[in-house]
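Following: one structure in structure tokens, then a few remarks.
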Amino acid sequence: MPLVENGMLLPNQALMLAAATWLGACFGSFSNVLIYRLPRNKDVVRGRSHCPSCNHMVAWYDNIPVLSWLVLRGKCRHCRAPISPRYLAVELAGAACALIGIWRFGWTVEGLSASFFLLVLLDIALIDWEHMIIPHTLTIGGAVAGLVFSFFMVPSLPTALLGGAVGAGIILVVSWGYKLVRGVIGMGGGDVMLMGMVGIFLGPLGVLAVLFGGALLGSVYALTAGRGSVAGSAKLPFGTFLAAAAAIVLLFGRQLLALYLSHI
Ligand SMILES: [Zn+2]
């Protein structure tokens, strides 16, 4: 279904994109809950949000994605304690994930799958960056959803399963090798599960590209932000770079492959 005709966005398609953006912002709002509670082992379903300063429950009308933060100008309604702009940023990022997924692949299973995958990657990237943890809730939940999506997509379930096995398998082998040589565990179970999930969504070739891209992004970060040495790489949140690489491969994989093939 074309989104644009003669350079103009079709009205019904514009409405679809607006709906996707709003849904994405709502999921972004839930991402804020996941990002805060999962690394702290708190229940993500039960327990209403409350202000950490005055403990007031956040009313539904103060919990509307993006709008509430703007109306309240980033302050609690009761005690005026500042609410981090990070909440707004994650809601906007969630909206962007859904908008990009639907814009790129349309209101199709592919579009829904891409939007969901981008949202999970966003949560994983932010949690690993801050806590150096990749919660199994997100990777296993994402993997199951990815398998369900793959039933309705081409390439289908076998490719997804193969991708998952390749992704998780490579990290397992590297991790074992590292342990044999250095005597310590280099990459944890979180990385294994993450790459398993990424493989399910992107297939065996995609997951290899993600591994390469993640290592590249991590190295560039270590060399620039990490005071010019790779020695600190043991402390790198590798999951964040893998998640970023997975988003790039999802959206630009074909173009990057074409670019690469045209230069060899
Ligand atoms: Zn308050």
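Being under 23 Å from Val66 (Cβ atoms) and touching a Phe, Trp or Tyr at 6+ places or on another chain (Cβ under 6 Å) is true for just one of Gly111, Gly146. Which residue is that? Don't jump to the end; show me each part of the working.
Values: Gly146 fails: under 23 Å from Val66 (Cβ atoms).
After applying the criteria, what remains is Gly111.
For a quick check of your reading of the model, give me the residue pairs whose first member lies in region 53-70 and is within 14 Å of the ligand (Cβ to nearest atom), whose second is in a strand (DSSP E or B), with beta-carbon atoms closer than 7 Å and at least 6 apart or on different chains.
Hits for this filter: His56/His50; Met57/His50; Val58/His50.
Do you know which residues across region 249-264 are aliphatic (A, V, I, L, M) and buried (at least 16 other Cβ atoms within 10 Å of the Cβ)? Give the derivation first.
Within region 249-264, the subset aliphatic (A, V, I, L, M) is 249-251, 256-259, 261, 264.
Residues satisfying the conditions are Val249, Leu250, Leu251.
Does Leu10 satisfy the condition of being buried (at least 16 other Cβ atoms within 10 Å of the Cβ), more than 16 Å from the ligand (Cβ to nearest atom) and of a type outside the set (D, E, K, R)?
The answer is no for Leu10.
Can you tell me which residue among Phe212, Phe201 is surrounded by fewer than 16 Cβ atoms within 10 Å (Cβ to Cβ) and either under 24 Å from Ile102 (Cα atoms) or not acidic (Asp, Glu) (or both)?
Phe212
State which residue pairs qualify: first residue touching a residue at least 12 places away in the same chain (Cβ under 8 Å) and inside region 121-138, second residue surrounded by fewer than 22 Cβ atoms within 10 Å (Cβ to Cβ) and not in a helix (DSSP H, G or I) in any location, beta carbons under 7 Å apart, and separation of 6 or more residues or different chains.
Pairs that qualify, where the first residue is touching a residue at least 12 places away in the same chain (Cβ under 8 Å) and the partner is surrounded by fewer than 22 Cβ atoms within 10 Å (Cβ to Cβ) and not in a helix (DSSP H, G or I), are Ile127/Ile133; Asp128/Pro237; Trp129/Pro237; Met132/Pro237.
Going by the conditions given, is His78 over 22 Å from Asp128 (Cα atoms), within 16 Å of the ligand (Cβ to nearest atom), in contact with a strand residue (DSSP E or B) (Cβ under 7 Å, 6 or more places away or on another chain) and outside the structural domain of His136 (by TED's automatic domain parsing)?
no
The values are calculated or read from the model by the stated rules, or taken from the named source; none is laboratory data. Computed from a predicted model, the values in this text were never measured in an experiment. Counting neighbours? That spans all protein chains shown, and the Cβs are built from the backbone with ideal geometry, glycine included.
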